[in-house]
């Protein structure tokens, strides 16, 4: 049997469509969003091709957030009852924060829960359970989980979140340093930005720039140059430090 010569057909960072042949031969390996048919590797969803050595994967360019246990996210209170709060977490499923998972304080039966969270309040929270009926349970008991005050909320494509954070938080740290803003990135695509008006505007603009150009090569250098030209905080000044830090996914792109 003749083995086909291995060849990369598509280019790294290229937009791929379902069914498109990305590579031939057995040297290349399929990963997320790709599959093998005989000696060909094909795309099974629309997205950006990421070539990591001989491993090929597709990073989706669209789609709503799908909740997973352990995710640290940002949520918005949309309703409340005597048991707790209903929270918008940027997906099709309902999320609930119960009284017992919201605070360690003793709450009397019938107490006014708006003293803790009111409608339209935002929070950094964590998913502790996703039921078979797609009901999502949240908690505020953990490092970095808290009510958010002030600032602004930005919504981005959830698939671009790792790119906005960067490897080991490098990209978001660079944005914080240049803008003087506190920034929390939720894995559900909600981002909280708090700082001076000019800092918040710059942070918003650069995050939107990363979102729209995430498929391009050399993005980190482009963002660094953009921030150096438009920075709000002089380089010798230190950025404000967040009181608590939360773990977020690292970027899987260069």
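Overview of values
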{"item": "Qualifying residue in the stretch 155-178 (condition: in a strand (DSSP E or B), touching a residue at least 40 places away in the same chain (Cβ under 8 Å) and under 19 Å from the mean Cα position of the chain (by Cα))", "result": "yes"}
{"item": "Criterion violated by residue 202 - all others in (1) modelled with pLDDT under 95; (2) closer than 21 Å to residue 153 by Cβ satisfied", "result": "(1)"}
{"item": "Criterion: modelled with pLDDT of 95 or more and within 20 Å of residue 222 (Cβ to Cβ) - qualifying residue of 167, 176", "result": "176"}
{"item": "Residue count for the stretch 50-67, restricted to those that are part of a strand (DSSP E or B) and modelled with pLDDT of 90 or more", "result": "4"}
{"item": "Test: residue 183 is in contact with a strand residue (DSSP E or B) (Cβ under 7 Å, 6 or more places away or on another chain), surrounded by 16 or more Cβ atoms within 10 Å (Cβ to Cβ), modelled with pLDDT of 90 or more and not in a helix (DSSP H, G or I)", "result": "yes"}
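The values are calculated or read from the model by the stated rules, or taken from the named source; none is laboratory data. It should be emphasised that the depicted structure is a prediction, and the values quoted were computed from it without experimental measurement. Note that each Cβ is placed from the backbone with ideal geometry, even for glycine, and that neighbours are counted across all protein chains shown.
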